[in-house]
Amino acid sequence: MNDNINFIFKSLNKKKITISLLIEAFLDFIYYFVPFTFTLFLTLPFTVEKAMIVIAIFMISKTLRVGGNYYLRKYRDNYLYEYSHIQYEEYYKKLNKLPVETISKYQTGYFENIIAKISELVRKILQAEYVSIIITFLFLFYTLYNQSIILF
């Protein structure tokens, strides 16, 4: 079992995974930063300057999120395609070492399914909301602290 896990994760490109997770963290930060800034600027007295700042923050954050999501999906999807290709090659090398009697017991779809599940597992790992949870709690605690120290 441990060899299977090592086999799956040893071919991962740590640099590409780190970049993917950093982009995801940046997008999460922008997602939670906008409502936070709205609470700072949408206070009474409401002025035109405050409205312009809120509109600018919203437009910039939306543009960054759309661009970041596009880049993230493109980057991550290309990497996952590359990773699944590497997995196919690795499994093919391992299958070549097996005796024909063993291979003949299974359909080729079985092996395809294994590789597809591994690629799906890696995709889920890359899309996990690790940083989002931390950012959410930081903004929540900061807002609670500013509103009421007792509630905090």
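The values are calculated or read from the model by the stated rules, or taken from the named source; none is laboratory data. These figures come from a predicted structure and were not determined experimentally. Heads up, the Cβs are rebuilt from the backbone with ideal geometry, glycines too, and the neighbour counts pull from every protein chain shown. For accessibility, only protein heavy atoms count, side chains too; no ligands or nucleic acids. Shrake-Rupley method; radii C 1.70, N 1.55, O 1.52, S 1.80 Å.
Just the number please: accessible area per residue for the stretch 12-114, 1.4 Å probe, all protein chains included, in Å². Intermediate values should be presented prior to the final figure.
Details: 7420 Å² over 103 residues.
Each residue of the stretch 12-114 exposes 72 Å² on average to a 1.4 Å probe.
Hey, could you get me the Stokes-Einstein D for the stretch 68-113, Kirkwood radius over alpha-carbon pairs, 10 °C and 1.306 mPa s, rounded to whole µm² s⁻¹? Could the numbers behind the result be given before it?
Working: Rh = 12.5 Å.
It comes out at roughly 127 µm²/s.
Once both labels are positioned 7 Å from their Cα atoms along Cα-to-Cβ, the gap between Met59 and Tyr75 label points is 2.6 nm. Excluding same-chain neighbours fewer than eight residues apart, the lysines reachable from Lys94 by a Cα-Cα span under 29 Å are Lys10, Lys14, Lys15, Lys16, Lys105, Lys117, Lys124.
Ranked by the mean number of other Cβ atoms within 10 Å per residue, highest first, peptides 54-60, 84-90 order as 84-90, 54-60. The residue list Ile53, Leu21, Ser11 was ranked by how far each Cα lies along the charge dipole of the stretch 1-118 toward its positive end, using unit charges on Cβ atoms, and Ser11 comes out on top. When each of the peptides 44-51, 62-69 is scored by the mean number of other C-beta atoms lying within 10 Å of its residues, the order from highest to lowest reads 62-69, 44-51.
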